[in-house]
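Novice: I have a structure here, written as C-alpha cells, and I will follow up with some questions on it.
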Amino acid sequence: MATEHPPPTAIDPICSLPVVGATTVEDAVFYAAVGTVAMFGLVSWPAAGLIGAGHALHQRARNVVRSGVVGETREALIEAVDEVA
C-alpha cells in the first residue's frame, strides 16, 4: 500500500499574521528581504511598503483560495489529476 503524501501545493504556515493570515517560510523571507533592502537604502521605504503590501494582498488571496469550498474543490481536482496520471 502506497503512503499518501500531501500535495506539493500544500502550505505549512509558520505563523499567522493579523491581516494576511497563514504565513509560510517563503513569505517571511520575502518580507525580511524587502525590509533589508530598504534598510540599506537600495529601495526607498515607500517603495518597499508598496512591494510588501502588494505581496500581502497576493498572500491573502492565495490563503482564501486554499481554504474553504474553493480549497476543497482545488484539492479534489489535484487528487483526480494525480489518479489519472
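Novice: Could you check how much of the accessible area of the chain is carbon and sulfur, as a whole percent, using a 1.4 Å probe?
Specialist: Carbon and sulfur: 70 percent of the exposed surface of the chain.
Novice: Here is a follow-up. With every protein chain kept in place and ligands, DNA and RNA left out, what is the accessible area per residue of the chain? Probe 1.4 Å, answer in Å².
Specialist: On the way: 6360 Å² over 85 residues.
For the chain, the per-residue accessible area is 75 Å².
Novice: Still on this structure: I need the P(r) histogram for the chain: all alpha carbon pairs, bin width 10 Å from 0 out to the longest distance, whole percents.
Specialist: 15, 37, 27, 15, 6, 1
Novice: Note down the accessible area of ARG66, probe 1.4 Å, to the nearest 10 Å².
Specialist: 70
Novice: Let me ask something else. Within the range 57-79, find all residues whose amide N lies under 16 Å from a label point positioned 7 Å from the Cα of GLU26 along Cα-to-beta-carbon.
Specialist: Inside the label zone: 57-67.
Novice: Determine the equivalent ellipsoid of the range 38-85 by diagonalising the alpha-carbon gyration tensor, then write out the semi-axes as square roots of 5 times the eigenvalues, largest first, rounded to whole Å.
Specialist: Largest first, the range 38-85 gives 37, 12, 5 Å.
The values are calculated or read from the model by the stated rules, or taken from the named source; none is laboratory data. In this text the structure is predicted, and so the values were computed from the model without any measurement. Neighbour counts are summed over all protein chains in view; Cβ atoms, including those assigned to glycine, are modelled from backbone coordinates with ideal geometry. Only protein heavy atoms, including side chains, enter the accessible area calculation; ligands, DNA and RNA are left aside. Shrake-Rupley method; radii C 1.70, N 1.55, O 1.52, S 1.80 Å.
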